[in-house]
Amino acid sequence: MTQFDRPVPGSSLTTPPKAQAYERPPEITNPKEALERHLDNLDNRDAIEDILFFTQSGMDVKSLNEGLLRSAVATGLHSIDISLIIAPLLHEYLVGRLDALGADYNEGIDNLKAKEALRFNRNLSIAKRFTDNIKPNREPIDEMDLEKTDTPTELMETVEETPPPAKEMGLMQRPDRGVM
Amino acid sequence: MSLDYVKRLKELRRLDYIEKPMEVNDKSLVKKPKDKKEKDAEKNPMQSFQEKAFLQIMLSNDRLKRGQDDTV
């Protein structure tokens, strides 16, 4: 989500009040009834096929469940509070159906990427500590001390091979172009 | 009771809220079984609803799974 990918302040005042379903009182206020409604909606072949398709496509059960509940809130079926209460129950229901179908799915509970990142950072800090301990020479290096500078031998050889400088010339003297 | 969806799901899956059968001591009159109302008073109604519904869903899932495994 970018900085500007959100409603402009005051945009909610541009539509008539209570025009949206979520601005009105919800249809169901009892969590038991809300759960029953969700289970009824999910208890058919098409819904199960959709769930199976989405989970096989890589969507985790948690995201799927949150999507179901959010759409119910957006359509004014129940409030967010009811969503919070019935979310784990609906999740378990979906997991049970997927288990019964023998589907391979990701629950989305244990965030593997976050765990891997945490493990990587821990290993990195351990490695840093380790390398700090094995530094052999901790004497401060005097950068101006020429004796301690190590010139590579290859460079030394190339320096020796360079031709001797040309004869010294006066400022106004023309360079010798050879005999015409 | 956690409001976080994942935390609450893990809490419910632990099943530590299931009531164990009470040991009724018939011989002694001093040790009476704890009053059930006291236990229920600690939980809020939403929590107890969640626990009961979760158990029912788990049972139905189990039944469904067994039905799949059964060979005729």
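Taken about its Cα centre, the stretch A:17-101 carries a charge dipole of roughly 240 debye when the Cβ of each Lys and Arg holds +1 and the Cβ of each Asp and Glu holds -1.
Contact order for the stretch A:17-101, expressed relative to its length and based on alpha carbon pairs under 8 Å spaced 6+ residues apart, stands at 44 percent. The slack between residue B:18 and residue B:66, meaning 0.36 nm per residue of separation minus the straight C-alpha distance, is 15.1 nm.
With N set to the number of residues, divide the alpha-carbon radius of gyration of the stretch A:17-101 by 2.2 N^0.38 Å and report two decimals.
Values: Rg = 13.3 Å, N = 85, 2.2 N^0.38 = 11.9 Å.
Expressed relative to 2.2 N^0.38 Å, the Cα Rg reads 1.12.
Determine which residues of the stretch A:97-114 fall in the zone a paramagnetic label at residue A:123 would reach in this model, i.e. backbone nitrogen under 16 Å from the point 7 Å along Cα→Cβ. Under 16 Å, as judged by backbone N against the label point of residue A:123, lie A:112-114 of the stretch A:97-114. Test of understanding: extend the Cα→C-beta vector of residue B:56 to 7 Å, then name every residue of the stretch A:11-31 with backbone N under 12 Å from that spot. It comes to A:31, nothing else. The stretch between residue A:49 and residue A:3 holds 12.9 nm of extra length on full extension. This uses 0.36 nm per residue minus the Cα-Cα distance. Ranked by how many other Cβ atoms sit within 10 Å of their own Cβ, fewest first, the residues A:172, B:46 fall in the order A:172, B:46.
Taking the Cβ of each residue in B:10, A:115 as the centre, tally the other Cβ atoms inside 10 Å and list the residues starting with the fewest.
Details: B:10 13, A:115 10.
Neighbour counts put them in this order, fewest first: A:115, B:10.
Since every read-out is calculated from the coordinates, none of them should be taken as a lab result. The structure presented is a predicted model; accordingly, all values stated were derived computationally and were not measured. With ideal geometry, Cβ positions are generated from the backbone for all residues, glycine too; neighbour counts draw on all protein chains shown.
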